[in-house]
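Asks: Here it is, the structure, as structure tokens.
The values are calculated or read from the model by the stated rules, or taken from the named source; none is laboratory data. Since this is a predicted model, take the numbers as computed values, not measurements. Every residue, glycine as well, gets a Cβ built from its backbone with ideal geometry; the counts of neighbours run over all protein chains shown. Surface areas here come from the heavy atoms of the whole protein model, side chains and all, with no ligands, DNA or RNA. Shrake-Rupley method; radii C 1.70, N 1.55, O 1.52, S 1.80 Å.
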Amino acid sequence: MSFRVSLPEPFGRRLVGADRPLTGLWVCSGSPAMAEIMACSGADWLLIDGEHSPIGLETITSLLRAVAPYPAIPVVRVPVLDTALIKQYLDLGAQSIMVPMVHTRQDAEAAVAAMHYPPRGVRGVGSALARSSRWNAVPDYLGTAGETVSCIVQIESPQAVENAAEIASVDGVDAVFIGPSDLAASMGVIGQQSHPDVLDAVSRAMCAAKDAGVFVGVNAFNIEQARQYIDAGADFVNIGADVQLAATASRALVTDFRKED
Ligand code: 3PY
Ligand code: MG
């Protein structure tokens with residue numbers, strides 16, 4: 001019998017099996033070493049960010065390989081809801097895809113369709129040539145691919161908050177991730193992620209998604225805020241980024257050192 005490969009579980013399955021909220025860190029640098037350091041932190045999941053970073057297609061493969069030996073699950077965020085891009089990310093071996101700026105049920109349906117082969121979706125077929133199927137070492141990849149992927153959609157506009165129940169109810173949406181930064185910006189209070197109106201919108205989106213039976217995550221670089229989101233029922237949070245950790249720690253070190261001169 002020829003050699004066979006089993007794929008790791010996608011993020012949605014990890015959420016189903018979780019007995020506590022999952023803690024995440026962003027990988028924005030594009031550095032495989034930093035990605036591996038984040039994976040060695042004990043974080044449950046990592047957001048490899050293709051939206052706000054220089055991370056392109058070639059880099060995604062390197063980052064996925066760097067974190068593959070560790071338990072932290074990589075979620076890869078596309079820069080935009082785009083069927084062709086999602087196909088490419090999937091073929092690179094990204095199994096859990098986060099889609100930003102999902103404002104309507106139709107957007108969520110398009111995201112899910114991009115994740116699946118026909119007849120369920122519209123994903124193009126090229127896996128024999130791709131890491132997704134480990135170049136056909138995964139038995140019956142085409143028949144089982146749908147079980148190996150997770151779709152996480154972002155709610156980050158007032159329109160999306162209004163439509164949160166519909167978005168979360170789309171079959172194939174495994175989780176929603178609320179983005180307070182873009183939510184604040186689109187609500188006219190840019191930079192004020194903890195503005196009461198933003199917190200209220202986050203709370204409404206969380207309730208709507210939970211009522212629809214879908215897992216909910218929130219981004220919060222503020223630890224206290226992250227704890228509050230967990231107390232309010234968030235199933236997963238994101239609490240920091242490789243670049244932000246390196247920037248704050250290096251600045252603090254230099255400042256402290258000079259004070260002691
Ligand atoms: C936002 O806060 O807008 C985000 O997208 C966080 O991931
Ligand atoms: Mg955002």
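Asks: Among the residues that make up region 110-119, is at least one of them among the hydrophobic types (A, V, I, L, M, F, W, C), assigned to a helix (DSSP H, G or I) and touching a residue at least 60 places away in the same chain (Cβ under 8 Å)?
Replies: Scanning region 110-119, I find at least one residue that is among the hydrophobic types (A, V, I, L, M, F, W, C), assigned to a helix (DSSP H, G or I) and touching a residue at least 60 places away in the same chain (Cβ under 8 Å), so the answer is yes.
Asks: Being within 14 Å of the chain's Cα centre (by Cα), outside any helix (DSSP H, G or I) and more than 15 Å from ligand 2 (Cβ to nearest atom): is that true of Leu46 here? Give the steps one after another, and end with the answer.
Replies: Numbers: within 14 Å of the chain's Cα centre (by Cα): yes; outside any helix (DSSP H, G or I): yes; more than 15 Å from ligand 2 (Cβ to nearest atom): yes.
Taking the combined requirement at face value, the residue satisfies it.
Asks: Right, here's the next one. Could you list, ordered by first residue, the pairs with Cβ atoms under 7 Å in which the first is in region 50-69 and among the polar types (S, T, N, Q) and the second is open to solvent by 10 Å² or more (accessible area, probe 1.4 Å) and within 16 Å of ligand 2 (Cβ to nearest atom), at least 6 apart or interchain?
Replies: Filtered contacts from region 50-69: Ser53/Cys28.
Asks: Among the candidates Ala175, Ala114, Ala184, Ala145, single out the residue that is within 16 Å of ligand 2 (Cβ to nearest atom), surrounded by 20 or more Cβ atoms within 10 Å (Cβ to Cβ) and more than 15 Å from the chain's Cα centre (by Cα).
Replies: From the options Ala175, Ala114, Ala184, Ala145, the qualifying one is Ala184.
Yes/no per residue for (1) surrounded by 16 or more Cβ atoms within 10 Å (Cβ to Cβ); (2) of a type in the set (Ser, Thr, Tyr); (3) more than 16 Å from ligand 1 (Cβ to nearest atom); (4) more than 19 Å from the chain's Cα centre (by Cα):
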{"position": "Ser132", "(1), (2), (3), (4)": "yes, yes, yes, no"}
{"position": "Ser169", "(1), (2), (3), (4)": "yes, yes, yes, no"}
{"position": "Ile190", "(1), (2), (3), (4)": "no, no, no, yes"}
{"position": "Val198", "(1), (2), (3), (4)": "yes, no, no, yes"}
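Asks: Take region 19-63 and flag every residue that is more than 16 Å from ligand 1 (Cβ to nearest atom), out of contact with any helix residue (DSSP H, G or I) (no Cβ under 6 Å at 6 or more places or on another chain) and either of a type in the set (Gly, Ala, Ser) or open to solvent by less than 10 Å² (accessible area, probe 1.4 Å) (or both).
Replies: Ser31, Ala33, Ser41, Gly42, Gly56, Ile60
Asks: Next question, about the same structure. Of all residues in region 206-217, how many are open to solvent by 60 Å² or more (accessible area, probe 1.4 Å), in a helix (DSSP H, G or I) and out of contact with any Gly (no Cβ under 7 Å at 6 or more places or on another chain)?
Replies: 2
Asks: Out of the residues in region 80-109 meeting the condition of being part of a loop (DSSP other than H, G, I, E, B) and open to solvent by less than 20 Å² (accessible area, probe 1.4 Å), tell me which one is nearest to ligand 1 (Cβ to nearest atom).
Replies: Pro100
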